[in-house]
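**Student:** Sharing a structure, written as structure tokens. Questions coming.
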Amino acid sequence: MSGSGALSAPVPAGPASGAPTIGVDVGGTKILGIVLAPDGSVLAEQRSPTPRSAEGLLAAIASTARELAPVTGVGNPPVGVGMPGLVDRTGSLHVAPNLIGGDGLEVRAGLMRLGLGPEVAVENDATCAVEGEHAFGALRGTAVGCMITLGTGIGGGLVVNGNVVLGAHGFAAEVGHMVVVEEGRPCPCGQRGCWEQYASGNSLGDMGREAVSRGRAAAVLALAGGAVHLVRGEHVTSAARDGDSDALALIGEYATWVAVGLANLINIIDPEIIVVGGGLAADADLMLDPIRAATSGRPEGAGIRSEVPIVVSELGDSAGAVGAAVFARTRAMERRETHGVLAGLRSDESL
Ligand SMILES: [Zn+2]
């Protein structure tokens, strides 16, 4: 999946005009920083490995923003940051199992102490991805839609009434933790049977290992060098591309688990469109048709509903950084408006 082509072309519609902003997407293994123009084009980007400590994380985000800042042409540009975990309204991170030093990290306050700001917006990484797709990608112009990211876990974001849903506390759309099997597989969140234990990108590897340990999918095992514990999702997709029937059956089984959650989402928000992103979207050509087939017919009243299009992310792995930069611009504009109103009130008082 590559978003660079989609991003290089200027997009006419989008958030309000102004100077470029910076978006930083912090993942479990890498940090991607970009400079986003108001028209949605990416003016610069920078990648670095994710540090493995709280101080290291803040320093790496700050240095990414500082190095990109000159490209914006603004002295102290607005910065948006996407973090993997629950991000509260103060910009602090909670429950971040894939980020060493992440749990309890005061991201916004820490970055402002390091001299970033005055505008630093911090949101959940999947929320940023849906914001990016809504502004400049596959969800552009969508009033009601959703995006799921299939990777290590399952991230998600919802658009309702033309806005990305943040929730009362910033914790909305944790779709990967909707329970699909009561007393099912344990999840790092502490519950059992969460959707991401069955339908994340990692789950496909789990299914592959389970199949080969039962003597099935010899082609998958061969691609992993004959070692069961080395079987990963990519070995299943490779074997499926070669036409191996066991691997194709595993893709079908996996697609069914994806469909179980998608049907729940369709029943809840009645979306116009569903966007699939994350690492597994790279195999969209192999995955999307089985997912569409397994989803069709599941939602309530499927016979009278129109089929919900299920499409691949347009921005690829840049979606989170693009959305973080969009949040930075939106928050900066809100801040300016608030200050304008306050300034107006003050001048009224002085009359
Ligand atoms: Zn869970």
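**Student:** Just Ala302, Ala37, Ala240 to compare: in a GNM of the chain, with alpha carbon springs under 10 Å, which one fluctuates most?
**Tutor:** Comparing Ala302, Ala37, Ala240 in a Gaussian network model of the chain, the most mobile one is Ala302.
**Student:** Another one. Hey, what angle do you get for helix 319-350 against the long axis of the chain, alpha-carbon based, 0 to 90 degrees rounded to 10?
**Tutor:** 30
**Student:** Rounded if a/c is under 1.5, else prolate if a/b is larger than b/c, else oblate: which is the stretch 199-260, with a ≥ b ≥ c the root eigenvalues of its Cα gyration tensor? Before the final figure, lay out the partial values.
**Tutor:** Details: a/c = 1.80, a/b = 1.42, b/c = 1.26.
It is prolate, given that a/c is not under 1.5 and a/b is the larger ratio.
**Student:** Another question about this same structure. Does the stretch 98-145 come out rounded, prolate or oblate by the C-alpha gyration tensor, with a ≥ b ≥ c the root eigenvalues, rounded set by a/c under 1.5 and, if not, prolate when a/b is larger than b/c and oblate if not?
**Tutor:** Oblate.
**Student:** At a 1.4 Å probe, what is the % contribution of carbon and sulfur to the accessible area of the chain? List each step's numbers first, then the result.
**Tutor:** Working: 8130 of 15070 Å².
Result for the chain: 54 percent of the exposed heavy-atom area is carbon or sulfur.
**Student:** Residue by residue, what Karplus-based ³J(HN,Hα) values in Hz, rounded to whole numbers, does the stretch 64-75 have, using 6.51, -1.76 and 1.60 with θ = phi - 60° and x for Gly and Pro?
**Tutor:** Ordered by residue, 3J(HN,Hα) equals 4, 5, 5, 5, 7, 3, x, 5, 6, x, 10, x Hz.
**Student:** Could you give the length gained on full extension between Asp285 and Ser245, defined as 0.36 nm per residue of separation minus the Cα-Cα distance, in nm?
**Tutor:** The span from Asp285 to Ser245 would gain 12.7 nm if fully extended.
**Student:** Which cross-chain or sequence-distant (5 or more) residues have an amide H under 5 Å from the amide H of Gly277, H modelled 1.01 Å from N in plane?
**Tutor:** Result for Gly277 returns Ile148, Thr149, Leu150, Ser313.
**Student:** Can you give the helix-only mean residue ellipticity at 222 nm for the chain, where every DSSP H stretch with n ≥ 4 adds -39500 (n - 2.57) and the sum goes over all residues, rounded to the nearest 500 deg cm²/dmol? Spell out each step's value before the answer.
**Tutor:** Values: 11 runs with 144 residues, N = 351.
Calculated at 222 nm, the ellipticity per residue is -13000 deg cm²/dmol.
**Student:** Beyond 29 Å, what percent of the Cα pairs of the chain remain?
**Tutor:** The proportion of pairs with Cα distances above 29 Å equals 42 percent.
**Student:** To the nearest 20 Debye, how big is the dipole of the stretch 138-312 about its Cα centre, given +1 on the beta carbon of each Lys and Arg and -1 on that of each Asp and Glu?
**Tutor:** 140
**Student:** Out of all DSSP beta bridges in the stretch 138-312, what portion is antiparallel? Express it as a percent rounded to 5.
**Tutor:** That works out to approximately 55 percent antiparallel.
**Student:** Further question: With charges set only on the Cβ (+1 for Lys and Arg, -1 for Asp and Glu), what does the dipole of the stretch 197-301 come to about its Cα centre, in debye to the nearest 20?
**Tutor:** About 300 debye.
**Student:** If you plug each phi of the stretch 52-61 into the Karplus form 6.51 cos²θ - 1.76 cosθ + 1.60 with θ = phi - 60°, what whole-Hz ³J(HN,Hα) values come out, in order, with x for Gly and Pro?
**Tutor:** 10, 7, 4, 5, x, 4, 4, 5, 5, 5
**Student:** While we're on this one: Can you run phi through the Karplus equation (6.51, -1.76, 1.60; θ = phi - 60°) for the stretch 35-51 and list ³J(HN,Hα) in whole Hz, with x for Gly and Pro?
**Tutor:** Those phi angles translate into 10, 10, 6, x, 8, x, 7, 8, 8, 6, 8, 8, 10, 8, x, 7, x Hz.
**Student:** Right, something else. Please report the net charge: other residues with Cβ closer than 14 Å to the Cβ of Glu119, K and R +1, D and E -1. Working shown, then result.
**Tutor:** Details: positive: Arg108, Arg329, Arg331, Arg335, Arg336; negative: Glu123, Glu334, Glu337.
Residues near Glu119 contribute +2 overall.
**Student:** May I have the extent of the alpha carbons of the stretch 138-312 along their three principal axes, as whole Å values ordered from largest to smallest?
**Tutor:** The Cα atoms of the stretch 138-312 stretch 51, 34, 27 Å along their principal axes.
The values are calculated or read from the model by the stated rules, or taken from the named source; none is laboratory data. Please read all numbers here as calculations on a predicted model, not as lab measurements. As a convention, Cβ positions derive from the backbone with ideal geometry for all residues, glycine included, and neighbour counts pool all protein chains shown. Quick note on the areas: whole protein, heavy atoms, side chains included, nothing else; ligands and nucleic acids left out. Shrake-Rupley method; radii C 1.70, N 1.55, O 1.52, S 1.80 Å.
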